[in-house]
């Protein structure tokens, strides 16, 4: 009986011990434990409601390992990530290792989910309504992408323990059920630097942490456009999508209209405009395409107010966002296909200055923009007055939104006009608008705001007035350039060929058959030279015509500078009379050797070089003239008229030289034509530098004392143009010292009249 009682007591002790151990294990693993809470201050460049931070714990080094089951924190068994509105929703999700993530496609488009992080393998197509599960087997940050819609991005933070939390829109987090021990608290955010901090949990007491501040990427100093780092267009569209989503969320919350409008405006100003995607679309896809995208932003902003005021269902705003993202994505793909994947490729030599220059645009392609912008200027002035009134009556947020509306509705038509006449002036005005918007947001109103807008208005008025008064592509200038060029080059060809034919005809040694072969060789060389000249002209025209936007400006600038170099070189030797004599002597020697050898190869090559030299120069110079004078109807008409009249004059000269063997005064001819060529070289040099400035290749340092310059002479009021033209003029001045000496030396070396031709 006693033994039975002792055994019973022993059994009770064992059971009690088992109960104590089991209870301890429950406290260790599944008891409510301590609560850790705090606030994370996220980078200002993000939208915390769309892209929140994630906080999680892991055991500190050297501490006892914490045994935790996957459901210890009370999290659901499956974490959901939807594809909705061309976005991953939520954009940021967190799970414990071994917990499944379920992806669903709630859009009407086919998506896919591609895990692009190294060490994770998942890539599944997602048709509408489809569901796919993914279970990560190790901790880390899983980056999600959609190969169909390249802008879509999402994140799944795979935590090593069940103690984690995704922060709220205000940055708050709370982690419950944390056992006693030492931990490393980790804070992760897609746009901030990771943060690690050691904490201790003792006696199950709650831990309320001080504010945790994440630092984001630092903005570059310089222009407004440089406020954000250079990002691929797909990332720009992704950021726009984040802001549109944040705007939609705020629009559905009571009292959040101002925040909703600010998010919508930032989607345009801080991303589409400041990233230079707007400039790239305008340059490479056309102003109409940029206007369509801007209209999409404007419609979204209008619907934001309507949804916030209950006049429009939230689904309408979702449709606007969806359509705008599709349009932006299509534009991004086209830019990438054209070799412009980001702003760095759009401005490869940019120095963070205000000289971001859009491309030259033809006024006839701007969708009804008239040549008289007075009505457009009136609309802009009225818009500026509205901004001041709204700032005084409703405050900074409403005034900032009103400025955005004025920019899109009242300034955009003027911008189209400016793009057709002075593209380099557009970007500084855009930056000024954005700067004023920032000043309004900081409280600028009343008289200071009025003065600021008045200065901008005066600047626009003065710019338009200067452009209206400035001739562009005038008929007379284009006609004179075309006529002088074709006559000068054509007469040289006629004289050279006449000389070759005369030498063959007067040669007494070869037989008649040999002379016939020589003539056939000459005309073969002429025919090949004409074909090569035409191919050169076609090639140059195709190169310039097919170039888009900034590339077109670069090609035009390079062509004009090349023409200026050729013209300067040729004009120097023509004026000195030395190049003409040496060229003639070379032709005579070549012709003489060709007849002596009985072969036509030398004569054919000589004729080819004589004609192609002039033909290639003519092609180069006419392409340059098309770039500088052919941008308007009068200028193009002047070029054509000068070409036709010049060809008629050449026909008369050719007949006269052939029939009467008229010998033009060579020295006088080459001096006059050389002087004309030098003048064209100076004009082409100025226009070439200006074209490269328009393309953003060269910087522009204004010279205000030059006023508007003299565009008809290629003189523009900036240091770079004046310097290049000044160098040419300095070279001409130096030639006046060199030419007389060269002429005297040439006369001493020239053979006496009647002397035999040297072999």
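Throughout, read-outs are computed from the coordinates displayed, never taken from laboratory work. Nothing here was measured: the structure is a model prediction, and the numbers come from that model. Don't worry about glycine lacking a Cβ; one is built from the backbone with ideal geometry, like all the others, and counts go over all protein chains shown.
Overview of results
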quantity: Neighbour-count ranking [beta-carbon atoms within 10 angstrom, fewest first] of 149, 114, 322, 189; calculated: 114, 322, 149, 189
quantity: Beta bridges per DSSP with both ends in the stretch 33-213, % antiparallel, nearest 5; calculated: 75
quantity: Computed E for residue 655/residue 633 - FRET, C-beta separation, R0 35 angstrom, nearest 0.05; calculated: 0.55
quantity: Convex hull volume per residue for the stretch 228-353, taking Cα atoms only, in Å³; calculated: 89
quantity: Potential lengthening between residue 516 and residue 408 on full extension [0.36 nm per residue; Cα-Cα distance subtracted]; calculated: 31.6 nm
quantity: Distance (nanometres) between label positions extended 7 Å along Cα→Cβ at residue 288 and residue 133; calculated: 5.2
quantity: Ratio of Rg to Rh over the stretch 367-469 (Cα coordinates, Kirkwood Rh, two decimals); calculated: 0.97
quantity: Förster radius 56 Å - calculated FRET efficiency between residue 532 and residue 35, Cβ distance, rounded to 0.05; calculated: 0.10
quantity: Neighbour-count ranking [beta-carbon atoms within 10 angstrom, fewest first] of 316, 153, 84; calculated: 316, 84, 153
quantity: Additional length obtainable on full extension of the chain from residue 330 to residue 197, 0.36 nm per residue less Cα span; calculated: 43.5 nm
quantity: Shape of the stretch 156-221, Cα gyration tensor, a/c cut at 1.5; calculated: prolate
quantity: Diffusion constant of the stretch 33-213 at 20 °C, which comes from Stokes-Einstein with the Kirkwood Cα-pair radius and 1.002 mPa s, µm²/s; calculated: 126
quantity: FRET efficiency, residue 254 to residue 701 (Cβ-Cβ, R0 45 Å, nearest 0.05); calculated: 0.25
